[in-house]
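Below: the structure, in structure tokens.
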Amino acid sequence: MSTPATSTIDDAEPCTLPTLTEGAELVGEFKGSGYREPPQLVSLPNRQLVRLPPLLFQVVKALHDHRHLAGTIDPRIALDAVATEVSRAAGARISGEQVLFLVDRKLAPLGVTTYSNGARPQLVKPDTFLGLRFKLAVFPESATWILAGLFSWLFTPVAMIFAFAAVFLSEVWVLGTQSVGDALHRAILAPESILMVLGLAIASCVFHEIGHAAACRYSGVRPGVMGCGIYLVWPAFYTDITESYRLGRGGRIRTDLGGVYFNGIFLVGLTLVYLQTGFQPLLLVILTVNFEIIQQLLPTLRFDGYYIISDLVGIPDLFKYIKPILRRTLLRRAADERLKALKRWPQMIVTLWVLTVIPALAFQLTLIAVRVPELVVSDWRMIEGLGRAAAAGAGPLQLITAGLQILLLILPLLGLALLAYRLVRWLVVKAVRYVQGPAPEPALPGA
């Protein structure tokens with residue numbers, strides 16, 4: 001193996017040996033990866049996991065191993081020691097100057113290390129395509145951990161066998177023998193039934209998120225905060241399960257399916273209550289939860305079905321492969337480096353996903369755009385009708401029901417406005433960058 005070259009760094013830099021960002025953690029190999037060369041994971045202080053190629057991970061590991069040298073000896077000497085360790089691990093000749101370049105141009109901008117001049121990086125959450133926006137954390141990490149602990153036993157093999165059997169029997173009996181028509185008619189006529197249906201539907205969504213958190217805890221990793229936000233045009237709940245990337249493929253898929261598994265358990269509870277009470281609006285809630293399960297399993301948007309496919313093939317962000325796959329498939333261009341980095345079978349599955357999902361996604365978004373005027377007019381008429389009904393001597397229960405219905409009508413319109421704003425902003429940014437040309441090389445913070 002070659003010995004590392006002596007550093008030729010200018011006397012003015014580095015002013016200090018770069019170190020791992022305070023609170024960051026070296027996780028290790030991304031298990032069950034779909035890449036030819038499995039990436040390594042680093043956890044940042046904001047719980048974000050960064051994937052690094054092996055060489056960059058070796059640089060981070062060497063900097064962490066030599067952190068005791070920071071501020072004690074000449075930074076150039078310390079950097080040469082780091083380069084020696086990286087060269088030994090990588091089996092290639094790496095100089096201190098090259099290590100410094102990788103730190104300032106690759107690692108520090110990702111938030112993994114400090115810059116060579118001692119500046120701390122800014123931790124910024126990635127702007128994911130079709131991700132959840134305007135998130136509000138409702139339960140802190142400590143509360144999520146407690147909730148997850150209360151229900152994690154449901155993932156034991158014995159509990160799952162009984163749960164799956166109960167879900168199957170409940171679904172067969174309700175969907176095969178009961179009619180939802182009378183339940184819908186009764187719910188429309190009774191404001192308290194509407195409130196109950198809305199409340200139980202929301203409770204099912206919350207229990208769904210607890211399922212993800214409980215799967216995390218059962219698998220041995222810590223779930224993050226739970227909260228709500230706007231997904232495209234709909235209000236949605238979420239649980240931070242970023243830590244599940246520490247798990248193997250089986251643990252990640254268990255976490256992905258934990259939500260719909262808990263929806264099934266919720267259905268069993270609703271069925272048992274219906275058997276005891278005969279209260280027909282409960283059938284409407286059961287139907288609503290079934291629709292929620294179907295929606296969550298769709299792979300088009302970032303629902304559970306999308307993450308199941310992503311974790312099955314071991315590729316965290318499928319959307320970033322849309323452009324290279326369409327260029328190769330439709331334009332007959334050579335595969336770019338992103339596709340070449342994938343193993344053969346994950347590449348085939350991702351290609352199939354792209355060619356299936358893109359038409360479906362285009363149809364969904366086009367349908368939303370075309371129906372916007374109709375949606376605005378119909379929602380406004382319903383809001384006016386609910387307002388008149390509420391003003392015509394309605395009681396407190398009717399006022400609360402009308403208020404909730406108005407809120408549920410306004411939220412999708414608000415989501416559409418936010419979606420249109422983001423689209424216009426994205427087009428403006430693209431146009432400005434095109435006119436201005438390539439961006440200049442960024443300077444180091446504090447330089």
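The values are calculated or read from the model by the stated rules, or taken from the named source; none is laboratory data. Since we're looking at a predicted model, the values are computed, not measured. Heads up, the Cβs are rebuilt from the backbone with ideal geometry, glycines too, and the neighbour counts pull from every protein chain shown. Remember, those area values only see protein heavy atoms, side chains included, never the ligands or the DNA or RNA. Shrake-Rupley method; radii C 1.70, N 1.55, O 1.52, S 1.80 Å.
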Pairs with Cβ under 6 Å, 6+ apart, first in segment 33-44 and open to solvent by less than 30 Å² (accessible area, probe 1.4 Å), second of a type in the set (S, T, N, Q) and at pLDDT 90 or above: none
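Which of the residues that make up segment 262-271 are touching a residue at least 12 places away in the same chain (Cβ under 8 Å) and open to solvent by 20 Å² or more (accessible area, probe 1.4 Å)?
Residues of segment 262-271 touching a residue at least 12 places away in the same chain (Cβ under 8 Å): 262-268, 270-271.
Selection gives Ile265, Phe266, Val268.
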Index of the failed condition, Gln364 passing every other in (1) over 20 Å from Leu232 (Cα atoms); (2) open to solvent by less than 80 Å² (accessible area, probe 1.4 Å): (1)
Identity of the residue in segment 196-246, touching a Phe, Trp or Tyr at 6+ places or on another chain (Cβ under 6 Å) and closer than 26 Å to Leu367 by Cβ, that ends up surrounded by the fewest Cβ atoms within 10 Å (Cβ to Cβ): Gly229
Sole residue being outside any loop (DSSP other than H, G, I, E, B), at pLDDT below 90, open to solvent by 20 Å² or more (accessible area, probe 1.4 Å) and within 21 Å of Val27 (Cα to Cα), chosen from Ala81, Ala89: Ala89
Any hit, segment 326-334, residues being aliphatic (A, V, I, L, M), out of contact with any Cys (no Cβ under 8 Å at 6 or more places or on another chain) and touching a residue at least 12 places away in the same chain (Cβ under 8 Å): yes
Odd one out for Leu257, checked against (1) assigned to a helix (DSSP H, G or I); (2) over 17 Å from Ile309 (Cβ atoms); (3) not basic (Lys, Arg): (2)
For Leu17: the one exception among (1) touching a residue at least 24 places away in the same chain (Cβ under 8 Å); (2) more than 29 Å from Arg222 (Cα to Cα); (3) open to solvent by 30 Å² or more (accessible area, probe 1.4 Å): (3)
Qualifying residue in segment 60-75 (condition: in contact with a strand residue (DSSP E or B) (Cβ under 8 Å, 6 or more places away or on another chain), open to solvent by less than 40 Å² (accessible area, probe 1.4 Å), closer than 16 Å to Tyr115 by Cα and of a type in the set (Val, Ile, Thr)): yes
Matching option when the condition is modelled with pLDDT of 80 or more and outside any loop (DSSP other than H, G, I, E, B), among Leu386, Leu355: Leu355
Test: residue in segment 121-135 that is more than 26 Å from Ala214 (Cβ to Cβ), open to solvent by 30 Å² or more (accessible area, probe 1.4 Å), of a type in the set (A, V, I, L, M) and at pLDDT below 95: yes
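Do we have Arg246 as of a type in the set (Lys, Arg), under 22 Å from the mean Cα position of the chain (by Cα) and over 27 Å from Ala165 (Cβ atoms) here? Break it down stepwise before answering.
Working: of a type in the set (Lys, Arg): yes; under 22 Å from the mean Cα position of the chain (by Cα): yes; over 27 Å from Ala165 (Cβ atoms): yes.
The answer is yes for Arg246.
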Any hit, segment 325-336, residues being assigned to a helix (DSSP H, G or I), modelled with pLDDT of 75 or more and surrounded by fewer than 15 Cβ atoms within 10 Å (Cβ to Cβ): yes
Every pair of residues 6+ apart whose Cβ atoms lie under 8 Å, when the first sits in segment 411-436 and is closer than 18 Å to Thr128 by Cα while the second is open to solvent by 50 Å² or more (accessible area, probe 1.4 Å) and at pLDDT 75 or above: Gly415/Pro235
